1. Go ahead and run the numbers for FRET between F262 and V122, Cβ-Cβ distance against an R0 of 35 Å, rounding to 0.05.
2. Name the residue, out of L73, L268, L36, whose mean-square fluctuation peaks in a Gaussian network model built on the chain with Cα pairs under 10 Å.
3. Mind checking which of G118, G153, G248 has the largest fluctuation in a GNM of the chain, springs on alpha carbons under 10 Å?
4. Using a probe of 1.4 angstrom, how much of the accessible area of the chain is carbon and sulfur, in percent?
5. Taking H placed 1.01 Å from N in the peptide plane, check which residues at least 5 places from Y283 or on another chain put their amide H under 5 Å from its amide H.
6. Mean projection of the alpha-carbon convex hull of segment 21-133 over all orientations, in nm²?
7. Suppose accessible area is computed on protein heavy atoms with a 1.4 Å probe; arrange E106, E88 from highest to lowest.
8. From zero up to wherever the largest Cα-Cα distance of segment 187-265 sits, split into 10 Å bins and tell me the percent of pairs in each.
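The values are calculated or read from the model by the stated rules, or taken from the named source; none is laboratory data. Owing to the predicted nature of the structure, the values given are computational and were not obtained by experimental measurement. Glycine also receives a Cβ, built like all others from the backbone with ideal geometry; neighbour counts cover every protein chain displayed. For the accessible areas, the whole protein counts, side chains as well, though only heavy atoms, and no ligand, DNA or RNA atoms are used. Shrake-Rupley method; radii C 1.70, N 1.55, O 1.52, S 1.80 Å.
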Amino acid sequence: MLGDIATLVLQGTMISAVYALIAIGFTMIFGVGGTLNLAHGALIMSGAYVFGVLAQSIHSAVAFPVTIVVIALLSWGLYQILVRWVEENVVITFLATVIVAVAATEVILIRFGSSPLGMTLVSGAVNLEPYGINARPRIVQFVGFVISWIAIGLLWYYITKTDDGRSILAASMSERGAQLTGVDLHSVRSKTWLIAGALAGTAGIILGSTGGATPLMWLNPLALAFMIVVIGGIGSIKGSVVAAYVIGFLEQFTVTFVGHGFRGILSLVVLVAFLLFMPQGLYGREFAHD
């Protein structure tokens, strides 16, 4: 029993950090521009495939930062070429990003097929059974946890401690107020999409390294992002981190004591409860648009 609890805590802690990474980029874009980016999951998938392809010819330590830059630029390009022209219309933006996600899936299917593309950021596993933990987690899971928190920490520092980052925070709180202080909204939104893309690329590498890359792997991260931002509070980065740990531990609890087939049941129950009784989420909606 104690071994199961220790396993739950370990696995929940590690996977929840990645869940937070998945959700933060999604909630940032919504917080700043009011855009539901349905292509967010496709960017995560693209990160996994770009890394998988690059890692076949160059060292993973080099492929890692290159992949993040590529996906960040793809996200930025998506905003510049498509989203910025339709973002004032919520429905059209919603449909446009869905079309991008579906198109990306078709491209991956044509190029790579439906079979998983294997890859690894770092190989090996750790046997924790001698320490009373019934698990042999892979080293890449520990690495993914560390990378996720480094990314979250750097983002938090950037948003709260730099003038450039504070302009994003100001725009997210009040676009009209930010404009009155000289903030360029187009520049802020562009930076937000760039950052969200970098986070999506990082999450894609971690997910691909732990479970392989598949054309439909973007569906689960997108669903997770929705659940996490609703529970945490739409637009709240802090709420996304807290909600990611709530979801992560609920999933691990279900897997450990109920069964893998019921993995997402408790998370869905909690999501429905929040929608019914606390639709503003744990931290409310931090962002407002004039």
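1. Between F262 and V122 the formula returns 0.70.
2. Result for the chain, Cα springs under 10 Å: L268 fluctuates most.
3. The residue with the greatest mean-square fluctuation here is G153.
4. For the chain, the apolar C and S fraction of the accessible surface comes to 70 percent.
5. G233
6. Quarter of the Cα hull surface area: 9.7 nm².
7. Largest accessible area first, the list is E88, E106.
8. 16, 40, 36, 7, 1
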